[in-house]
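Everything below concerns the one structure shown next.
The values are calculated or read from the model by the stated rules, or taken from the named source; none is laboratory data. On a predicted model such as this, the values are computed, not experimentally measured, just so you know. Note that we place each Cβ from the backbone using ideal geometry, even for glycine, and neighbour counts take in every protein chain shown.
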Amino acid sequence: MRSLRYEPELLDFSSNDYLCLNRDGSHSELLNSLICETGVESNVTVGSTGSRLIRGHWPSFENAEEEFNRWARTPDSLLFQSGYNANVGALSALTGPGDLVFCDRLCHASLLDGIRLSGAQKIYFKHNDLNHLESLLATKSTRRRKWILSESVFSMDGDVPDLKGLLDLCRRYQATLYLDEAHALGFFGSEESPGAGLLASRRAELGDDVFDHAIISAPLGKAPGVMGAFVAGDKLLKDYLINRARSFVFSTAQPPILAAMIGAIIRRFRNHEYDHRMASLRKNVSYIKSLIAELHLVSPSDSAIVPIVLGETDKCLQVSEHLKNHGMDVRAIRPPTVPEGSSRLRITIHSCHSQSELDRLMELIQPFASV
Ligand SMILES: Cc1ncc(COP(=O)(O)O)c(C=O)c1O
């Protein structure tokens, strides 16, 4: 049985607040200033009052979409209420019976549920194994469309795919990549697009035609610290989703004040106001990875998600409990969320963790390292 826990007294090594924008009050201060600036204007209400197609459409939504397009350098985008809604709505609208959808084995449930609703055929490839993917693309044929589903940072392993390799396969086999950037926002980026995700970080090497072959989904509940998700791609995509994505059409739009907040957060990313947080996060990730390596433990991570794979479920639960007893919140992730035999401690690193907190965490894990 799963159960809900509220334990704010434990040191947070499990939330997605990678840049501490919630923990240190930065977002509360931003929200307060937005309310002071805009609260008297009638176009930034709390409730949207409807689906965006029926009176629930407000200027702050389009402003947020334009901010996102400038940040991630995408041709156009549509804002959904959450990442789950975005993936289910977009994928069930874009794919359909007869389509072949090649999914990385570790893709998030929201991507898989979107395909399930669409009636397309789902074909799994081994995690991040492009040779396996190519053998499947070469042998499975359809008269309809081919799609590849992957993530920029995988939520349980924290590793990244070979993005250029995926796009090359798309070009070679006339497939379209649907890439979920949830855990890459606020970690990967470039000087022009700070924190805007993996695709933005590799833009120069991926070619100008990247959005002829790729659609990105950008959920905002992780490092950006809010809620909502953009689905972005070529110019036609937005109109298509407005008309066909059922989670968009048949659901109340999120609060316009939240969309205003999303726009303001993106502006802060674009103005390099979060650069120091991203630098601290990367420093902390390198530091903990060095401590993990010293203990000869295994972590596949390339991001703020740093799992330690212990294998046995009982051992993971025991370590998680031990950490809790010492004031630390690290969750044990076990099957069926991860494959049998790969139970792990899923540690998320934040920009505001101190070196001594990271040292203490690993000291507490150390006795279990070789047992
Ligand atoms: C990779 C990935 N995609 C999508 C989602 C769903 O996003 P949201 O929490 O905004 O619904 C999550 C959240 O767990 C995720 O990890």
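Considering the stretch 69-86, and only residues there that are within 12 Å of the ligand (Cβ to nearest atom) and in a helix (DSSP H, G or I), the residue that is nearest to the chain's Cα centre (by Cα) turns out to be Gly83. Could you tell me which residue of the stretch 87-98 is nearest to the ligand (Cβ to nearest atom), considering only residues that are over 21 Å from Pro161 (Cα atoms) and not in a loop (DSSP other than H, G, I, E, B)? Among those that are over 21 Å from Pro161 (Cα atoms) and not in a loop (DSSP other than H, G, I, E, B), it is Val88. Please indicate, with yes or no, whether at least one residue in the stretch 117-137 is closer than 30 Å to Glu191 by Cβ, within 16 Å of the ligand (Cβ to nearest atom), assigned to a helix (DSSP H, G or I) and in contact with a Ser or Thr (Cβ under 8 Å, 6 or more places away or on another chain). So far as the stretch 117-137 goes, no, none of its residues is closer than 30 Å to Glu191 by Cβ, within 16 Å of the ligand (Cβ to nearest atom), assigned to a helix (DSSP H, G or I) and in contact with a Ser or Thr (Cβ under 8 Å, 6 or more places away or on another chain). One residue alone among Gly89, Gly47, Gly83, Gly96 is touching a helix residue (DSSP H, G or I) at 6+ places or on another chain (Cβ under 7 Å) and surrounded by fewer than 15 Cβ atoms within 10 Å (Cβ to Cβ), and that residue is Gly96. Residues in the stretch 35-68 that are more than 23 Å from His276 (Cα to Cα) and part of a helix (DSSP H, G or I): Ile35, Cys36, Glu37, Thr38, Pro59, Ser60, Phe61, Glu62, Asn63, Ala64, Glu65, Glu66. Each residue in the stretch 143-186 was checked for being assigned to a loop (DSSP other than H, G, I, E, B) and of a type in the set (Gly, Ala, Ser), and 6 pass. Take the conditions (1) part of a helix (DSSP H, G or I); (2) not assigned by TED's automatic domain parsing to the domain that holds Ser190; Leu241 misses just one of them, which is (2). Look at (1) surrounded by fewer than 19 Cβ atoms within 10 Å (Cβ to Cβ); (2) in contact with a helix residue (DSSP H, G or I) (Cβ under 6 Å, 6 or more places away or on another chain); (3) not acidic (Asp, Glu) and you find that Leu323 fails only one, number (1). The criterion of at least 3 residues that are within 14 Å of Asp12 (Cα to Cα) is met, among strands (runs of 3 or more DSSP E) falling completely within the stretch 275-371, by 343-348.
Yes/no per residue for (1) away from the ligand (no atom under 15 Å from the Cβ); (2) among the polar types (S, T, N, Q):
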residue	(1), (2)
Tyr173	yes, no
Glu191	yes, no
Ser217	no, yes
Pro224	no, no
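When the stretch 99-114 is limited to residues that are more than 10 Å from the ligand (Cβ to nearest atom) and in a loop (DSSP other than H, G, I, E, B), the one that is surrounded by the fewest Cβ atoms within 10 Å (Cβ to Cβ) turns out to be Arg105.
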